[in-house]
Amino acid sequence: MRLGAASAVLFLLAMGAGCGGGTNPRFEEVSHQFYKAYCKRLHECMKQIQGDAQGELSFTKAYPAGESDCIDDNYKEFSSLNELESTCAQSVWDTCAKDLESSSCTQSTTTPAIGVELPKSCEGC
């Protein structure tokens, strides 16, 4: 997984995957929506923090096929959860994805050094 362990933990907390049987979407249904927004913002954050040229280089080094590679790689990382149900309704995921696209960029000294802050609207899902 190229997003790093911290992002994995954040996503699992965001998913709050529960038992099936309800009306909320399954992981398979919302994960592409989540990762599409996350990867788009991560790409933007890398360029914002490192500068356009270096940020583009760093992103394509991690994800040679670009944002679609980021989405696919991270989707595959959690594919064992496909049948689990989210604890949030689709409308909450819609808000989460929208908020994620404009979320704050983060920077640290650990890997990954650049990331995306998980919006409050994504917490608890």
>> With the crude spin-label approximation of a point 7 Å out along Cα→Cβ, what separation in nm comes out for D52 versus S108?
In response: 3.1 nm
> Each label point is 7 Å from the Cα along the Cα-to-Cβ direction; what then is the distance between the points at S79 and E123, in nm?
Replying inline: 3.3 nm
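Given Cα positions, please report Rg to Rh for the stretch 54-102, the hydrodynamic radius being the Kirkwood one.
That ratio is 1.08, to two decimals.
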> So, in nm, how far is label D99 from label T60 when the simple model puts each one 7 Å beyond its Cα toward the Cβ?
Replying inline: 3.4 nm
>> With only alpha-carbon pairs counted, each pair once and no self-pairs, how large is the Kirkwood hydrodynamic radius of the stretch 28-119 in angstroms?
In response: 13.8 Å
> In the stretch 69-125, if every C-alpha pair distance is counted and binned at 5 Å from zero, what percent goes to each bin?
Replying inline: 4, 15, 16, 24, 26, 10, 3, 0
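Computed from the coordinates by the stated procedures, all read-outs in this text should not be read as laboratory data. Fair warning: this is a prediction, and the values are worked out from it, not measured in the lab. Don't worry about glycine lacking a Cβ; one is built from the backbone with ideal geometry, like all the others, and counts go over all protein chains shown.
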